[in-house]
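Asker: If you scroll down you'll find the structure; I have some questions about it.
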Amino acid sequence: MSASHERRSYDVVVIGAGGSGLRAAIAAHEAGARTAVVCKSLLGKAHTVMAEGGIAAAMGNLYPEDNWKVHFRDTMRGGKLLNHWRMAELHAKEAPERVWELESWGALFDRTADGLISQRDFGGHRYARLAHVGDRTGLEMIRTLQQRTVSLGIDVLMECTVTDLLRDGDRIAGAFAYWRESGRFVVLEAPAVVLATGGIGKSWKVTSNSWEYTGDGHALALRAGAALLNMEFVQFHPTGMVWPPSVRGILVTESVRGDGGVLRNSEGRRFMFDYIPEFFKAETADSEAEADRWYDDKRNNRRPPELLPRDEVARAINNEIKEGRGSPHGGVFLDIASRRSPDYVRKRLPSMYHQFKELAEVDITAEPMEIGPTCHYVMGGVEVDPDTAASRVPGLYAAGEVAGGMHGANRLGGNSLGDLLVFGKRAGEAAAAHASALGSARPAVADAEVDAAALGALAPFDTEGGENPYSIHHELQEAMQDLVGIIRREHEMQIALKTIHDLSERSKTVSVEGNRQYNPGWNLALDLRNMLLVSEAVALAALERKESRGGHTRDDYPMTDHDFWGKRNVIVEQLPDGGLGIRHQPLPEPPPELAELLEGDH
Amino acid sequence: MSTSAGATGEALAPRELTLRIWRGDAKGGGLVDYTVEAQDGEVVLDVVHRVQATLAGDLAVRWNCKAGKCGSCSAELDGRPRLMCLARLSTFERGVPIVITPLRTFPVIRDLVTDVSFNYRKAEQVPAFQPSADQPVAPFRMAQVDVERSQEMRKCIECWLCQDTCHVIRDHDDNKPAFSGPRFFARYAELDMHPNDGLDRRRLMQEERGLGLCNITKCCTEVCPEGIKITDNAIIPMKERVVDVCYDPVRLLRRRRARG
Ligand code: SF4
Ligand code: SF4
Ligand code: FES
């Protein structure tokens, strides 16, 4: 049976063609590896395209006093000190180089008056630091990387979905995938695989994430023997659209606040002043006057509280709504209309202007937006070595959102795009080096593994009268939204776990109509396995961590516990019996010269 | 304020809506009616998804962002090339089925999904950005006013609606090999206007990419969801600049000599 599948052989296979995947592929190719990128959608459609705000990089174009040390400190503090210090260090040091590299490949960022790359303000960043193009920075980044990938002649396998990793003993030997167009299988032989699959948001009902975000990489890694780190940390972006219902969850960029927008409740109050946590008091303005002066004079004023890290803002909004001070459609108001001129808004936020006009018939230069939290990003992910992005499975690498550690308990806006570039490059280089070091001692793909993967992928066609995959997906989203959302409670998460188990059982008998040719029902049935596994990992980890920190808020444990939980990571891994196990692992401590940077008020 | 009214006060009561969707594959197919619940705040893509989730699990359709940013959900709605995620139901006449067909210029794979590889082949032919000798390595110095013209073109979300609508290839497969299409004219123009690009692609555009086949009907500009003025700001300026290089008598003479 296995002999009949298409086979291709590479040194490095990258799964995912967003920012990290493309950057990894370019790096692997430039290191001399025969490289392929595999992606579920067409090239250029990956979720990176949705990123709006910018790439955080301490280039110091506007504030010469900015440098990697300040960026490192902001990142660690934004992550509630649970970041892997080494990742935060590498990221802060290398992000500027990665941005300039994009420029030398043709990216056209907005400019300063001196003709340098302009930088914008964002939550949690001390200085204006985000390289950007209006509010479509992700599009610029993906197009630049895409055009580079194509001009280098790297193989791109579009609309091709990986369902299993193949192993020889414990080493990576390749990947098993199907072409969406034909439904036919393809075996990709490769001693090194880079996971660059992005996030897991499709398990929640209100999300900014696209259909591709089904936790494929997280699940593939678990099943191949890698460990997942701190999966309880899920970022709910404070500002998603809430109305009309069909657009609920679609992202409203943080740049609206960076460029002067403020949050108000139904009473018209700028409520963020009521929610400044002790940890950020010293660096946050405590009056509207000071906050408003900050936009023009950052040296003598402190940041407006609207620009606190995302977890703080999301919780505050959540609370305002809960206490009955929300907007008519269950959000709060985000107002830039009363604060900036229509011209300024259209120039700085063209795609937001467009988005509200087209989708909600709201003119954001004239009226406030209604917004509320939306599931946006997972900080948790595959445990990797910071320098090489290697997981503990030989030959398996992970970069970007699918990797854990970089962002700790909460990611700062703008740190995602930089993460993709910095660690995408490192992963691609390390994967290429791994492949070349093997020489002829390459792992082999076993026929039995291929046959098993094919059988598993076809199972939904063998069942008749089984459940509809769309219904199971819907139920999973409801459960995760209601029971493992922004605010969590022990008994609710236990119910969630039970629901996930039930759904997993039921998903074994889903049946799909039609044939294998471009069949979204079948494709969803396969993605469901990943969503269910990853949802379980999140619920388990969230149940385990008995404190509140960053993107993990426990109603029953509202305090941040520095002495116990502040020193440990929660690890989820697959046990020999196929179930998921959980354990603690000490958080790596930064060396003294870096620890020093984290102290004090600055 | 009540929760049953939209920001503009429109009623959002659910109602029945019929979508008339083309189903089939390369071998053939036809229109099939699906009636589902819908409300005015929704867009066509929402209703297509409802059809998929409840009536036709295998209905093939592309989408990613649902916010007009990725350019995946292109189709023809009542014959007009549009993004399904930006097509609000309130803009269609009530009680009349909405006809959804795949992009006509590209071969059908299944249902609303077409084989758009034509565009990816044209992308492969574009000689990449190459920094000029003046500023070979970033960071570059470039003024905002000088990057803006190219930035307009870089708003392109590669939805291929302009490619679909352009009459040069819409019903003329024979023109396809020699014609890159409006999306790529915008791309060439963008590189040409890049303040720090060091390559000249003008002759290539005229002689091999089919710029001369375009007779500036502006249909591409009309369908562009990003509002890019493809004809006015990319094609016409390129046509003018091509004249400089292709029909400049001194250059022509030099070329003849080189050949001779
Ligand atoms: S203006 Fe030119 S490229 Fe655009 S649709 Fe007309 S012929 Fe095609
Ligand atoms: S130029 Fe406009 S219509 Fe053409 S592909 Fe780009 S976004 Fe679509
Ligand atoms: S789904 Fe992205 S443009 Fe319509």
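The values are calculated or read from the model by the stated rules, or taken from the named source; none is laboratory data. All figures in this text were calculated on a predicted structure; none of them were measured in a lab. Cβ atoms come from the backbone with ideal geometry, glycine included; neighbour counts cover every protein chain shown. Ligands, DNA and RNA are stripped out before the accessible areas are found, and what is left, the full protein with its side chains, is counted by its heavy atoms. Shrake-Rupley method; radii C 1.70, N 1.55, O 1.52, S 1.80 Å.
Asker: Round to the nearest 0.05 the FRET efficiency obtained for A:L458 and B:D25 when R0 = 35 Å and r is the Cβ-Cβ distance. Kindly include the intermediate steps, with their values, before the conclusion.
Answerer: Working: r = 20 Å, r/R0 = 0.57.
It comes to 0.95.
Asker: Something else now. From a point 7 Å beyond the Cα of B:D171 in the direction of its Cβ, which residues of the stretch B:84-120 have a backbone N at a distance under 11 Å?
Answerer: What the label zone holds, given the 11 Å backbone N cut-off, is no residue at all.
Asker: Now, a different point. How tilted is helix A:469-483 with respect to the longest principal axis of chain A? Cα atoms for both, answer in degrees (0 to 90, nearest 10).
Answerer: Computed tilt is about 40 degrees.
Asker: Taking chain A as the reference, fit the longest principal axis to its C-alpha atoms, fit the long axis of helix A:137-152 to the helix C-alpha atoms, and give the angle between the two in degrees, 0 to 90, nearest 10.
Answerer: Tilt relative to chain A: about 40 degrees.
Asker: How much length is gained on full extension from A:E490 to A:E478, taking 0.36 nm per residue of separation minus their Cα-Cα distance? Present the calculation step by step, with values, prior to reporting the outcome.
Answerer: Values: separation 12, 0.36 × 12 = 4.32 nm, distance 1.74 nm.
Residue separation times 0.36 nm, minus the Cα-Cα distance, leaves 2.6 nm.
Asker: Do any GluC sites (Glu not before Pro) in the stretch A:172-277 lie in a loop, going by DSSP, with at most 10 other beta-carbon atoms within 10 Å of their beta carbon, and if so which? Don't skip to the end; give the middle numbers.
Answerer: Numbers: sites: A:E181, A:E189, A:E212, A:E232, A:E254, A:E267; in loops: A:E181, A:E212, A:E232, A:E254, A:E267.
Listed in order of number, the matching sites are A:E267.
Asker: Then there is this: In the stretch A:458-491, which residues become less accessible by 40 Å² or more once every protein chain is in place, relative to the chain on its own, using a 1.4 Å probe?
Answerer: A:Y470
Asker: In terms of the Cα gyration tensor, with a ≥ b ≥ c the square roots of its eigenvalues, is chain A rounded because a/c is under 1.5, prolate because a/b exceeds b/c, or oblate?
Answerer: On the way: a/c = 1.57, a/b = 1.38, b/c = 1.14.
Note, shape of chain A comes out prolate.
Asker: Next question, about the same structure. If all Cα-Cα distances of chain B are sorted into 5 Å bins from 0 onward, what percent lands in each bin, rounded to whole numbers?
Answerer: 1, 5, 11, 14, 15, 13, 11, 9, 7, 5, 4, 2, 1, 1, 0, 0, 0
Asker: If you don't mind, there's one more thing I want to ask. I'd like the GluC sites (Glu not before Pro) in the stretch A:1-110 restricted to DSSP loop residues with at most 13 other Cβ atoms within 10 Å, sorted by number.
Answerer: Passing sites in the stretch A:1-110 are A:E65.
Asker: Which whole-number percent gives the relative contact order of the stretch A:200-289, counting Cα pairs below 8 Å spaced six or more residues apart? Could the numbers behind the result be given before it?
Answerer: On the way: 60 pairs, mean separation 15.0, N = 90.
Computed value for the stretch A:200-289: 17 percent relative contact order.
Asker: Given labels modelled 7 Å from the Cα in the Cβ direction, how far is it in nm from A:D114 to A:E513?
Answerer: Using points 7 Å along Cα→Cβ, the separation is 6.3 nm.
Asker: Restricting to chain A, compute how many DSSP beta bridges are antiparallel as a %, nearest 5. List each step's numbers first, then the result.
Answerer: Details: 44 of 68 bridges.
Counting only bridges with both partners in chain A, antiparallel ones make up about 65 percent.
Asker: Is the C-alpha gyration tensor of the stretch A:237-375 telling us rounded, prolate or oblate? Criteria: a/c under 1.5 is rounded; beyond that, a/b larger than b/c is prolate, otherwise oblate. Could the numbers behind the result be given before it?
Answerer: Values: a/c = 1.93, a/b = 1.24, b/c = 1.55.
It is oblate, given that a/c is not under 1.5 and a/b is not larger than b/c.
Asker: If one takes the accessible area of chain B alone plus chain A alone and subtracts that of the pair, with a 1.4 Å probe, what total in Å², rounded to the nearest 100, results? Present the calculation step by step, with values, prior to reporting the outcome.
Answerer: Working: alone 13890 and 21550 Å², together 29990 Å².
Buried: approximately 5400 Å² between A and B.
Asker: Rounded to the nearest whole Å², what accessible area per residue is found for the stretch B:72-158 with the 1.4 Å probe? Numbers along the way, then the final one.
Answerer: Values: 3570 Å² over 87 residues.
It amounts to 41 Å² per residue over the stretch B:72-158.
Asker: Using only alpha carbon pairs under 8 Å that are at least six residues apart, calculate the relative contact order of the stretch A:65-157 and give it in whole percent. Intermediate results must be reported in sequence, preceding the final value.
Answerer: Values: 75 pairs, mean separation 22.3, N = 93.
Value for the stretch A:65-157: 24 percent.
Asker: Tell me, what is the FRET efficiency for A:S266 and A:R583 to the nearest 0.05, using R0 = 56 angstrom and their Cβ-Cβ distance as r?
Answerer: Numbers: r = 46 Å, r/R0 = 0.82.
Working from the Cβ atoms, E equals 0.75.
Asker: Nearest 10 degrees is fine. How inclined is helix A:415-438 to the longest principal axis of chain A, computing both from alpha carbons?
Answerer: Compared with the principal axis, the helix lies near 30 degrees.
Asker: Right, something else. Give me the extension gain from A:R184 to A:E593: residue separation times 0.36 nm, minus the current Cα-Cα distance, reported in nm with one decimal. Can you show the working numbers first?
Answerer: Numbers: separation 409, 0.36 × 409 = 147.24 nm, distance 5.44 nm.
Length gained, A:R184 through A:E593: 141.8 nm.
Asker: Loop-only check: which trypsin sites (Lys or Arg not before Pro) in the stretch A:407-505 are DSSP coil with at most 10 other Cβ within 10 angstrom?
Answerer: Details: sites: A:R411, A:K425, A:R426, A:R488, A:R489, A:K498; in loops: A:R411, A:R489.
Listed in order of number, the matching sites amount to none.
Asker: Let me check against my output: what whole-number percent is the relative contact order of chain A, with C-alpha pairs under 8 Å and at least 6 apart?
Answerer: Details: 1429 pairs, mean separation 130.6, N = 602.
Relative contact order for chain A comes out at 22 percent.
Asker: Once the Cβ-Cβ distance between A:A448 and A:D155 is put in as r, and R0 is 30 Å, what FRET efficiency do you end up with, to the nearest 0.05? Spell out each step's value before the answer.
Answerer: Working: r = 27 Å, r/R0 = 0.90.
Approximately 0.65, to the nearest 0.05.
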